[in-house]
Amino acid sequence: MSAGGNSRVRPNRARKTYFELPPLELECMKVLWRLGEASVREIRAGLPRALAYTTVETIMDRLTRKAIVARQKVGKAHRYTPRYQRAEARVQAVEALVEHFFSGSRAALRAHLEGLPVVEPEPPPRSAPLPRPEPTSRPVRARANRARRSAAPQQEPAPPPPPASLDITLL
């Protein structure tokens with residue numbers, strides 16, 4: 001929970017693609033794919049940069065909640081295993097890359113990788129725009145009302161009437 005108490009809890013859902021994983025989560029996944037199964041201590045030792053034990057533990061907890069890894073309690077520690085293999089993640093990442101940057105065209109990605117000019121595919125035809133309604137005189141009236149109000153002298157609002165005395169006979 002954050003210091004202000006405004007932490008939002010996200011529903012447990014799997015990511016659409018590994019392309020969406022933040023960098024630290026992806027680094028931990030790379031170590032886990034290489035090892036097959038590991039504890040936080042083993043994942044931390046395999047990372048290319050030094051991170052605190054609690055940081056890696058938090059990352060692995062997030063990956064568990066996102067259903068990307070499975071967690072099993074063994075003694076006092078947890079053991080993590082990937083739910084998806086690296087090849088599946090690679091396929092998802094390339095599909096996302098093609099969709100987001102090459103409009104779904106694998107040929108455009110291939111051309112880019114070969115250093116050829118990328119021909120952007122034609123966008124799908126758009127439907128004809130709806131006809132705009134004819135303007136009404138309402139905005140003109142609104143402008144006239146505003147002009148009248150600004151020309152009138154500004155008056156302070158009248159004070160509220162004093163409260164009526166309470167009639168005990170009604171109780």
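The values are calculated or read from the model by the stated rules, or taken from the named source; none is laboratory data. Computed from a predicted model, the values in this text were never measured in an experiment. Cβ placement follows ideal geometry from the backbone for every residue including glycine, while neighbour counts extend to all protein chains displayed.
The helices (runs of 4 or more DSSP H) falling completely within segment 82-171 that include 3 or more residues that are surrounded by 10 or more Cβ atoms within 10 Å (Cβ to Cβ) and modelled with pLDDT of 85 or more map to 86-101, 106-113.
Tell me, which residue of segment 39-79 that is among the charged types (D, E, K, R) and in a strand (DSSP E or B) is farthest from LEU24 (Cα to Cα)? Only one residue tops the list, namely LYS73. Of all residues being over 24 Å from the mean Cα position of the chain (by Cα) and surrounded by fewer than 16 Cβ atoms within 10 Å (Cβ to Cβ) in segment 55-78, which is nearest to PRO22 (Cα to Cα)? Just the residue, please. In this case the residue turns out to be ARG71.
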